[in-house]
Amino acid sequence: MTPVSHYHRARARLAAGWRDRALSLKALAFGLVGVVNTFVDYGVFLFARAQFDKSPPALAAFAWFSDACGCGNAAAISLIAANTLSWIVAVSGSYIMNSSITFAAESGRELRWRAYFTFVASGIAGWLTNTAALLVAAEVLLLPVWLSKGLAILASFVVNFSLSHFVVFRARPRPQEDVRSDAGKVR
């Protein structure tokens, strides 16, 4: 077996250190990606809600739906529709950024349809948390919608990070690297 150079040993250790970085660093990166996504989510939500509120066909559809299902009022259905649209846009951006940055070692920085759909499926729990918190804050606690949406985003952060870390981008077993330690053993 050929000896391993100091460069290759250092490079392997650096790569392993980055792959195995602390959970808190991943949470920080996830949070920073989340800040960008929050602006996207919030902006799309406010835009969609404003468009829905001034669209007679949308208001009629929401009123019809709430009457047909008996599941709330048209205003609540409008909130759910705007929140769902903003979530779809935000979850897509989140998958791309987290695959490329936060969980780059686990994903190999490759975008895959299967991983995307797993990410979206796990994100449904975050969306449900987000929507429930939004409705409770806006409809029960009677907080302003802008504040309700902010609280909903915070509530879903915990759910989204946990599922991303432990389910979607979980560490996969790596093949053993041929790196000799100081004692000359292969690790």
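For the range 21-92, the C-alpha radius of gyration divided by 2.2 N^0.38 Å, with N the number of residues, is 1.45.
Computed from point charges on the beta carbon alone (+1 for Lys and Arg, -1 for Asp and Glu), the dipole magnitude for the range 23-168 about its Cα centre is near 260 Debye. If the segment from Glu139 to Ser5 were pulled out straight at 0.36 nm per residue, it would be longer than the present Cα-Cα gap by 41.8 nm. Applying 1/(1 + (r/R0)^6) with r as the Cβ-Cβ distance of Asn73 and Ala12 and R0 = 41 angstrom yields a FRET efficiency of 0.10.
In order along the range 144-153, phi translates into HN-Hα couplings of x, 4, 4, 6, 4, 5, x, 5, 5, 5 Hz, rounded to whole numbers, per the Karplus curve 6.51 cos²θ - 1.76 cosθ + 1.60 with θ = phi - 60° and x for Gly and Pro.
Stokes-Einstein diffusion of the range 23-168 at 25 °C, 0.890 mPa s viscosity, Kirkwood radius from Cα pairs, rounded to a whole number: 154 µm²/s.
Read-outs throughout are calculated quantities, based only on the coordinates presented, and are distinct from any laboratory measurement. Just so it is clear, the structure is predicted and the values come from calculations on it, not from any experiment. Methodologically, a virtual Cβ is constructed for each residue, glycine included, from the backbone with ideal geometry; neighbour enumeration extends over all protein chains shown.
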